[in-house]
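Colleague: Have a look at this one before I ask anything.
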Amino acid sequence: MNKIEHIGIAVGSLADAIPVYEALLNTTCYKTEEVASEKVATAFFQVGPNKIELLESTDPEGVIAKYIAKKGEGLHHIAFEVNDILAEMERLRAAGFVLLNEQPKQGADNKLVCFVHPKGTHGVLVELCQERP
Ligand code: ZN
């Protein structure tokens, strides 16, 4: 894996959270994007070589809504940049990690993504992401 690409943070409202993170990071949100398939709206901030991704649920039954109902707002996942997501998925599968999607799926920010079950990573939801060619 190359680097931490971004850290995902679950928020109740992007409208509330964006100005807070703009003030915190002293930068402006450079992109908002809805990912209909994931039932989330996202907002991105660049911090040096890394990004912060805020996630708001667009559906009361969405994974982010359920996460916040259970655990509250806060850190949701860590995303690692990979060059070849299929190869990384195969490597992790062979090492015994449980992948939450069998094929890479379309994520926000022009990425192919795959999630690794937190049960196998001491409680951290891990995302692999590869820039879409
Ligand atoms: Zn993410």
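Bear in mind these aren't lab numbers, they're just calculated from the coordinates by the rules spelled out. All figures in this text were calculated on a predicted structure; none of them were measured in a lab. Counting neighbours? That spans all protein chains shown, and the Cβs are built from the backbone with ideal geometry, glycine included.
Colleague: So what J values fall out for the stretch 111-119 if you push phi through Karplus, 6.51 cos²θ - 1.76 cosθ + 1.60 with θ = phi - 60°, rounded to Hz, Gly and Pro as x?
Modeller: Along the stretch 111-119, the couplings run 10, 8, 9, 8, 9, 10, 4, x, 4 Hz.
Colleague: Another question, then. With a 10 Å cut-off between alpha carbons and a GNM built on the chain, which of Ile68, Ile78, Ile52 moves the most?
Modeller: Top of the fluctuation ranking is Ile68.
Colleague: Next up: Can you give the longest stretch of the chain with no exposed loop site, where a site means GluC sites (Glu not before Pro) in a DSSP loop (not H, G, I, E or B) with at most 11 other C-beta atoms within 10 Å?
Modeller: That gives 1-60 as the longest site-free run.
Colleague: Also, quick follow-up: With runs of 4+ DSSP H residues as the only contributors, calculate the mean residue ellipticity of the chain at 222 nm using -39,500 (n - 2.57) per run, divided by the residue total and rounded to the nearest 500.
Modeller: -7000 deg cm²/dmol
Colleague: So in the chain, what percent of DSSP beta bridges are antiparallel if you round to the nearest 5?
Modeller: 75
Colleague: Across the Cα atoms of the chain, what radius of gyration and what greatest pairwise Cα-Cα distance (Dmax) are found, in Å?
Modeller: 14.4, 43
Colleague: Rounded, prolate or oblate: pick one for the stretch 31-76, where a ≥ b ≥ c are the square roots of the eigenvalues of its C-alpha gyration tensor, a/c under 1.5 means rounded, and failing that, prolate if a/b is larger than b/c, else oblate.
Modeller: oblate
Colleague: Further question on the same structure: Can you give me the convex hull volume of the Cα atoms of the stretch 1-61, divided per residue and expressed in Å³?
Modeller: Output value, Cα hull per residue: 90 Å³.
Colleague: Can you work out the Karplus-derived ³J(HN,Hα) for every residue in the stretch 18-25? Use 6.51 cos²θ - 1.76 cosθ + 1.60 with θ = phi - 60°, whole Hz, and x for glycine or proline.
Modeller: 4, x, 5, 6, 5, 5, 5, 8
Colleague: Same structure, new question: Given the stretch 1-67, what count of lysine pairs have C-alpha atoms under 21 Å apart, with each pair 8 or more places apart or on different chains?
Modeller: Lysine pair count for the stretch 1-67: 6.
Colleague: I've got another one for you. Could you give the C-alpha radius of gyration of the stretch 65-133 expressed as a fraction of 2.2 N^0.38 Å, taking N as the number of residues it contains?
Modeller: Normalised by 2.2 N^0.38 Å, the Cα Rg of the stretch 65-133 equals 1.13.
Colleague: Given Cα positions, please report Rg to Rh for the stretch 46-105, the hydrodynamic radius being the Kirkwood one.
Modeller: Looking at the stretch 46-105, the ratio lands at 1.03.
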